[in-house]
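Before any comments, here is the structure.
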Amino acid sequence: MLYRLEPRGERSLFWAYGSPVLAILLTILTMMLIFAALGAPPVKGVETFLIAPVSTLSGLSSLLVRAAPLVMIGAGLALCYRANVWNIGGDGQFIMGALAGGGAALALPNAAFWWAYPLVAALGILGGMGWAGLVAWLRLKFNANEILTSLMLVYIAQLILVWLVTGPWRDPAGFGFPQSAMFGPGVTTPSFGGTTIHLGCVLAPLLALALWQVLGRSVLGFQLRVIGQAPRAARFAGFSNARLTWFALLMSGGLAGLAGFFEVTGPIGQLTATITPGYGFTAVIVAFLGRLHPVGVIFAGLLLALSYLGGDAAQINLNLPNAVTGIFQGVLLFYLLGADVLILHRLRRARPAPEAAA
Amino acid sequence: MDAELDKPGPDAPLLELRGIVKQFPGCLANDHVDLTIRKGEIHALLGENGAGKSTLVKIIYGVMKPDAGRILWNGQPAVIASPAQARALGIGMVFQHFSLFEALTVAENVALGLNSARQREGLERRIAEISARYGLPLAPERTVHDLSVGERQRIEIVRCLLQNPKLLIMDEPTSVLTPQEAQKLFVTLRRLRAEGCSILYISHKLEEVRALCETATIMRLGRVVAQCAPAEKSARELAELMIAAKLKEPDHNAKPAPAGPPRLVVNRLTIRSSQPFGTDLKDISFSVAGGEIFGIAGIAGNGQSELMDALSGETPAGSPANILLDGAPVGLERPAARRRRGGCFLPEERNGHGAVGPMTLAENGFLSAHVRGALQRFGLINARRTREFAARVIHAFDVRATGPQAEARSLSGGNLQKFLVGREVLQKPGVLVISQPTWGVDAGAAAAIYEALARLAATGTAIVLISQDLDEILLLCDRIAVIAAGRLSPAMPVQEASLETIGLLMGGAPEAQQDAAHALPA
């Protein structure tokens, strides 16, 4: 039986929200097949992957810790993508934020919290902004495609990070491990109630909500939405493409930089060669799964954070390779993009051969 | 004559369309269209943009399927479900926009269009043969990148001729050619006709059609309005048929010409189009006084959208002095700055240009009125004022919508256009430039828009009305000029503008330029 896609002629509101749900269901089914193929019981696999990690209090708190960078970067990316600026270099901006903040933190081992912490945080934001600003400059000055430049800047950032933690910033007392010294207490992100939940976990959803207000209520947010939905109408209204490109990239870069700052001054406590498991790339999935809406991004960030915990759990309890996390994320994005076709198209049974014109 | 058409066999016409209907959402593109093309004739399909020519041609070439109607090929019922099937029948088409690979040679490009290896045998020799026979000089080994537009068109024609077509469809072939290249093309087409090939020639250039074609089918608003021998008609008669069945003479009862200093001056405006097939603006000058409505007539694609973009500030002019708004040189200013000075603009395209479909009416009001309507404060949208502004437009222009929160795309074309015109008019502009304000709009909405424009002019606003609708221009305007191929004719008072002169100017006939010059008061 053959089916074909037929344009609906308008966006389906049902599928705009139904598509992520369908994609998640299909992803779970596919993961069961993959678990079965790897010799693990499918139902137990899903349970281990998606439910067990959050069935304890400490599991829940690590979920929030993992979700914080995803939500922060994802909200910024959602803003960019609304404006048709395809920044996929969140990981690089995250690393540069961590380096700028972490570098300052290393230089201030005994500084007082009240002035050193905000300073280090600001430098973290500026680090991410600078890295994203390069992308904006390259796009506007040389018309360089931001997908390529932002991606390639990720690799440069990674190499700078590795060079610094194996070279100039390596901890002399660290037995030669590629890592810096631990940060002093004055430049460490506070955490709450003996859990691992830190300031960034609280700030991430608040920032996402603030971004939602920026998009909905500010003139800049309005301009971003117009340029994304109808670039000619933006030109008609006289909105400056250059200004909006700068704004979108600096905003998302700054958020990624802030996320990097929280990560190294909070849960990690030092600079290492592996400060990100690809948060910046996972945040791309978070942004799309959250329908490019800052509030949706909060929920999507939690789900994708779960995939990291699930990968760890599957490795420990089921002897499965930790790569299942990447597979889960990839499969989810694949189904999401596929299911999104239904927003603008409907599935119809293909008619038999075209009949004679009447 | 009809009885003769029904007869299959050697005397039957080559192609007959009977009662072709094609419905698009909100628009009947072809309304029971009949078309008969005889063997060995050059048949013109005349009509303004949006008359349904392209849809009809796409149906003939198998790109679209008609909703109803019959197609007879050599008197036999035929189904043309795809371009491949059309080519198999012997129908070839030269599109207005070419599909050639710049980096490949002429021969390689032609080979790509052929289906089997057998057809490609001795291709270079056959290309040379055909180009010699039909006067289409082409060097098979040259790279397309280096060729002129005329030469590129020859590749497309040779590509069609290799298939020995019985019917060749040419879509606006001279729109991209120089006059000299066009003359050479006509020689080729006449030679093809002499060999028995029929040609369906789509154009709106009247002189060209009169010189070349035996028969013309004239379309308007999806219907065939006339069939005639163009050589026997004057350009004026053809223009009348194309524009409306009968044009009413303008009833301008000696309205005093608005005096006073000009509010908008365009001075030697020359802009190269940024679009590959766009029209360059060449040395355009005119001025509009307060209270005056200045009409710019012309057939679509002759530089209207480029002129609109230049006036609104979407495209900067060459120098500040090219455009004066109330005396201030604004040629390099952005749209928002021009709005601040009192300029308001509404482009032809509603969806995605003048309005954003998925956004609400309130947001669409904000889109252009945020400067003059003071709808923003401290970088935030003033939601209350924005809503009130939209509500005021909705009320004043009787827009049928559920309210300021209705999405723009949920409105009918006429209602959305009323909203957009109202949005600009309520900003109390000093200069309003508006393009095609009643395109695809129902008669009631059109009347409301006309009334609003006339009232706005009476308050001292200078209005530029760019339109393909001559009725509309003659009804509203004090002075008019015609844009053709990016050049603007001298302006003439509407009382002194004869339909013949306008029609000829629209078709780009050179002698009309002089007529228009004579019409100018000394």
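Taking a ≥ b ≥ c as the square roots of the eigenvalues of the Cα gyration tensor of the range A:140-271, is the shape rounded (a/c under 1.5), prolate (a/b larger than b/c) or oblate? Intermediate results must be reported in sequence, preceding the final value.
Numbers: a/c = 4.32, a/b = 1.68, b/c = 2.58.
Taking the square roots of the gyration eigenvalues as a ≥ b ≥ c, the range A:140-271 is oblate.
Note down the accessible area of A:LEU26, probe 1.4 Å, to the nearest 10 Å².
Counting only protein heavy atoms, A:LEU26 exposes about 60 Å² to solvent.
Which whole number gives the average count of other chain Cβ atoms within 10 Å of the Cβ atoms across peptide B:363-370?
Taking all residues of B:363-370 together, the mean is 4.
Nearest 10 degrees, 0 to 90: what angle lies between the long axis of helix B:179-194 and the longest principal axis of chain B (Cα atoms)?
Tilt of helix B:179-194: around 40 degrees.
So what are the ³J(HN,Hα) numbers for the range B:88-95, from phi and the Karplus equation (6.51, -1.76, 1.60; θ = phi - 60°), rounded to whole Hz, Gly and Pro as x?
5, 6, x, 9, x, 9, 10, 7
Taking θ as phi - 60°, what are the ³J(HN,Hα) couplings along the range B:469-480 by the Karplus curve (6.51, -1.76, 1.60), each to the nearest whole Hz, with x for Gly and Pro?
For the range B:469-480, the Karplus curve yields 8, 5, 3, 4, 5, 5, 5, 9, 8, 8, 10, 9 Hz.
Once amide H atoms are placed 1.01 Å from N in the peptide plane, what residues at a sequence separation of 5 or more from B:THR315, or on another chain, have their amide H within under 5 Å of its amide H?
HN-HN under 5 Å from B:THR315: B:ALA310.
Using only Cα atoms and rounding to the nearest 10 degrees, what angle (0 to 90) does helix A:13-37 make with the longest principal axis of chain A?
70 degrees
Long-range amide H contacts for B:ASN382: which residues qualify at under 5 Å (H placed 1.01 Å from N, peptide plane, sequence gap of 5 or more or a different chain)?
B:GLN376, B:ARG377
Using Cα atoms only, what is the angle between the long axis of helix B:510-519 and the major principal axis of chain B, expressed in degrees (0 to 90) to the nearest 10?
Helix B:510-519 and the main axis of chain B meet at about 30 degrees.
If you build the convex hull over the alpha carbons only and average its shadow over all orientations, what do you get for the protein assembly as shown? Give it in nm² to one decimal.
If you wrap the Cα atoms of the protein assembly as shown in a convex hull and average its projections, you get 45.0 nm².
What number comes out for accessible area per residue over the protein assembly as shown if the probe is 1.4 Å? Units Å², please.
43 Å²
Can you tell me the Rg and Dmax of the range B:2-243, counting just the alpha carbons, in angstroms?
17.8, 52
Considering only DSSP states other than H, G, I, E and B, which chymotrypsin sites (Phe, Trp or Tyr not before Pro) in the range A:283-317 qualify as loop sites with at most 10 other Cβ atoms within 10 Å?
In loop regions of the range A:283-317 (DSSP not H, G, I, E or B), there are no sparsely surrounded chymotrypsin sites (Phe, Trp or Tyr not before Pro).
B:CYS160: accessible area at probe 1.4 Å, nearest 10 Å²?
Near enough 20 Å² of accessible area.
At 1.4 Å probe size, what's the solvent-accessible area of A:ASP340? Round to the nearest 10 Å².
40 Å²
Using a 10 Å cut-off around each Cβ of peptide B:394-402, what is the average number of partner chain Cβ atoms that fall inside?
Neighbouring Cβ atoms belonging to other protein chains average 0 per residue here.
Quick one: Debye curve from the alpha-carbon atoms of the range A:1-114 only, equal weights, vacuum; give me log10 I(q)/I(0) at q = 0.19 Å⁻¹ to two decimals.
Relative scattering, expressed as log10 I(q)/I(0), comes to -1.21.
Which ³J(HN,Hα) values in Hz, rounded to whole numbers, follow from the phi angles of the range B:356-363 under the Karplus curve 6.51 cos²θ - 1.76 cosθ + 1.60, where θ = phi - 60° and Gly and Pro get x?
Whole-Hz 3J(HN,Hα) from phi for the range B:356-363: 10, x, x, 9, 6, 5, 4, 5.
If I model a spin label at A:ASN317 and B:LEU112 as a point 7 Å from the Cα along the Cα→Cβ vector, what separation in nanometres do I get?
So the two model labels end up 5.7 nm from each other.
Compute the longest continuous run of chain B that contains no exposed trypsin sites (Lys or Arg not before Pro); treat a site as exposed when its DSSP state is not H, G, I, E or B and it has at most 11 other Cβ atoms within 10 Å.
On the way: sites that count: B:LYS246, B:LYS248.
My reading of the result: B:249-522 is the longest stretch.
Shape of chain A from its Cα gyration tensor (a ≥ b ≥ c, root eigenvalues): rounded if a/c is under 1.5, otherwise prolate when a/b > b/c, or oblate?
It comes out oblate by the Cα gyration axes.
Suppose we flag chymotrypsin sites (Phe, Trp or Tyr not before Pro) only when DSSP calls them loop and at most 16 other Cβ atoms lie within 10 Å. Which is the longest uninterrupted stretch of chain B? Each step should come with its number before you reach the end.
On the way: sites that count: B:PHE95, B:PHE98, B:PHE101, B:PHE277, B:PHE378.
It runs B:102-276.
The values are calculated or read from the model by the stated rules, or taken from the named source; none is laboratory data. Just so you know, these numbers come straight off a predicted model, no measurement behind them. We place every Cβ from the backbone using ideal geometry, glycine too, and count neighbours over all the protein chains shown. To get the accessible areas, we keep the full protein, side chains included, count just its heavy atoms, and leave off ligands, DNA and RNA. Shrake-Rupley method; radii C 1.70, N 1.55, O 1.52, S 1.80 Å.
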